[in-house]
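Worksheet: the structure to be examined is printed underneath.
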Amino acid sequence: MRQITWTTACLAALVCSGCVMHLDQPTEIAAGHLPRPVYSVDGGVHLAARAEAGKIRSVDGGVTLGEGATAKTIDTVDGPVVLERGATCRHDLSAVDGQVSLAWGAHVGGDLRTLVAGLDAQDAEIAGAIHTVSGKILLHGTTHVGKGIYLDKPRPSTDAQDEVRKRLPLVVIGPGVVVDGPIVAARGGTLWVSRQARIGAVEGIRAQWFDGATPPGQPGMK
């Protein structure tokens, strides 16, 4: 799914001086320190283990942070976002479409926002809040969310957002997960919460509690 305004802004940013940019091929960042922004229109961005980069933006292609790698922010339109073991996004992480995967020890220092992109977090930390419109949010293990979960409304209607509007979000909070702050749904959805998890206040949605490792009829939890 594309957002024209975002893409235009990204293309404009590509002409800036002092940034690493590729239009139609993957961008590979080797281990070391690269404080400049990294932009990719088609092909995605991959940071090697223990590499460091500034802002990362990708229009069509995923973003992968290798084990122990660090980026300042991550912003994608279409493609998966993967933070491997111990990888860090220091500030906000935003994804429109695709899948966001946070491995053991991965850390997001700000908010994590998606439109339809899903989130699968295993023993990870999100210091800010999780925001989604129609995503599937799966939280496992010792994952900690610092400032709540917000299931937002779509913005004013477009053709793409009409499709988004038809899909309601799903949130599954597994055993051992901690969510500090509220869980707030602006338009409903489905919320499953383990009895071994800890959450804050719930608004606009009914929490369905479950025992065991997974909720009934919801495959995909680890």
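General observations
- Condition check for ALA127: at pLDDT 95 or above, open to solvent by 20 Å² or more (accessible area, probe 1.4 Å) and among the aliphatic types (A, V, I, L, M): yes
- Residue satisfying condition, being of a type in the set (A, V, I, L, M), modelled with pLDDT of 95 or more and either open to solvent by 40 Å² or more (accessible area, probe 1.4 Å) or farther than 21 Å from LYS136 by Cβ (or both), within set VAL82, VAL41, VAL15, VAL20: VAL82
- Residue within the stretch 117-126 that is out of contact with any Cys (no Cβ under 8 Å at 6 or more places or on another chain), more than 18 Å from LEU168 (Cβ to Cβ), part of a loop (DSSP other than H, G, I, E, B) and not acidic (Asp, Glu) present: yes
- Matching residues in the stretch 39-56 - criterion: being hydrophobic (A, V, I, L, M, F, W, C) and in a strand (DSSP E or B): VAL41, VAL45, LEU47, ALA51, ALA53, ILE56
- Residue in the stretch 88-115 that is least open to solvent (accessible area, probe 1.4 Å), counting only those that are small (Gly, Ala, Ser) and in a strand (DSSP E or B): ALA95
- Candidate set: the stretch 23-38, residues that are open to solvent by 40 Å² or more (accessible area, probe 1.4 Å) and either hydroxyl-bearing (Ser, Thr, Tyr) or in a loop (DSSP other than H, G, I, E, B) (or both); chosen: the one modelled with the lowest pLDDT: LEU23
- Any hit, the stretch 193-201, residues being part of a loop (DSSP other than H, G, I, E, B) and modelled with pLDDT under 90: no
- All positions within the stretch 57-72 that are in a strand (DSSP E or B), at pLDDT below 95 and in contact with a Ser or Thr (Cβ under 7 Å, 6 or more places away or on another chain): SER58, VAL59
- Among the residues here, GLY118 qualifies as surrounded by fewer than 22 Cβ atoms within 10 Å (Cβ to Cβ), within 18 Å of ARG167 (Cβ to Cβ) and without any contact (Cβ under 8 Å) to a residue 40 or more places away in the chain.
- Residue count for the stretch 202-217, restricted to those that are outside any strand (DSSP E or B), open to solvent by less than 50 Å² (accessible area, probe 1.4 Å) and out of contact with any Leu (no Cβ under 8 Å at 6 or more places or on another chain): 2.
The values are calculated or read from the model by the stated rules, or taken from the named source; none is laboratory data. Fair warning: this is a prediction, and the values are worked out from it, not measured in the lab. Using ideal geometry, Cβ is built from the backbone for each residue, glycine included, and neighbour counts are taken over all protein chains shown. All accessible areas refer to the heavy atoms of the entire protein, side chains included, with ligands and DNA or RNA removed. Shrake-Rupley method; radii C 1.70, N 1.55, O 1.52, S 1.80 Å.
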